[in-house]
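To start, the structure itself, in structure tokens.
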Amino acid sequence: MCDYSLHHVKSRPAKVGDKLNTRNFGMGTRGFSAPEDASVAVCVLPGTELSFANEVKLRRLWPWNKNVIKHKTAIFRQIDQDNRVAHYDALEFPDGRMILLTFLAEGQQATVLQLPVAAAGSKAPQRAAYV
């Protein structure tokens with residue numbers, strides 16, 4: 001699944017072992033793409049486990065936010081899906097923090113470790129923590 005703001009971009013589903021990069025697809029939307037074709041959004045199912053090559057960096061939105069999340073693993077979630085014009089792709093980190101994918105800095109590398117056993121009916125928290 002991809003954020004509503006990526007519906008105009010060609011996409012494909014993520015697979016176990018995929019190497020992904022965070023990418024700015026324009027108009028303030030960030031998502032994942034494969035290094036071999038940056039024009040295609042790679043859509044990740046809720047519950048997918050990801051491993052980042054380095055600690056996760058955030059784009060600088062406010063002067064008081066921390067730019068680095070001290071974790072290299074995350075679980076992909078979708079939040080606030082009732083709001084059709086809000087970003088809903090998010091990452092849940094081991095400390096429980098939820099960060100919208102669109103807040104990540106561009107160019108970070110992640111690997112798909114595991115797809116969810118059952119994506120249907122999985123419920124995630126309804127709010128993201130804003131850094």
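The values are calculated or read from the model by the stated rules, or taken from the named source; none is laboratory data. Note that the structure is a prediction, hence the values are computed from the model and not measured. Here the Cβ is made from the backbone with ideal geometry for all residues, glycine too, and neighbour counts use every protein chain on show.
Annotations for the structure displayed:
- When each of Asn83, Asn54 is tested for being modelled with pLDDT under 80, surrounded by fewer than 20 Cβ atoms within 10 Å (Cβ to Cβ) and either over 17 Å from Lys15 (Cα atoms) or hydrophobic (A, V, I, L, M, F, W, C) (or both), the lone residue that passes is Asn83.
- When the range 100-126 is filtered for residues that are crowded, with 19+ Cβ neighbours inside 10 Å, among the β-branched types (Val, Ile, Thr) and modelled with pLDDT under 90, only Thr102 remains.
- Criterion: modelled with pLDDT of 90 or more and of a type outside the set (Val, Ile, Thr) - qualifying residue of Asn65, Asn21: Asn21
- Some residue of the range 70-78 being of a type outside the set (Phe, Trp, Tyr), at pLDDT below 95 and in a loop (DSSP other than H, G, I, E, B): yes
- The single condition among (1) at pLDDT below 90; (2) in contact with a Ser or Thr (Cβ under 9 Å, 6 or more places away or on another chain); (3) in a loop (DSSP other than H, G, I, E, B) that Arg60 does not meet is (2).
- When the test is whether a residue is touching a residue at least 24 places away in the same chain (Cβ under 8 Å), more than 20 Å from Thr73 (Cα to Cα) and either β-branched (Val, Ile, Thr) or crowded, with 20+ Cβ neighbours inside 10 Å (or both), Val40 passes it.
- Counting the residues of the range 25-50 that are polar (S, T, N, Q) and under 16 Å from Ile99 (Cβ atoms) gives 2.
- Within the range 25-38, considering residues that are modelled with pLDDT under 90 and either of a type in the set (Ser, Thr, Tyr) or out of contact with any helix residue (DSSP H, G or I) (no Cβ under 8 Å at 6 or more places or on another chain) (or both), the one farthest from Phe52 (Cα to Cα): Gly26
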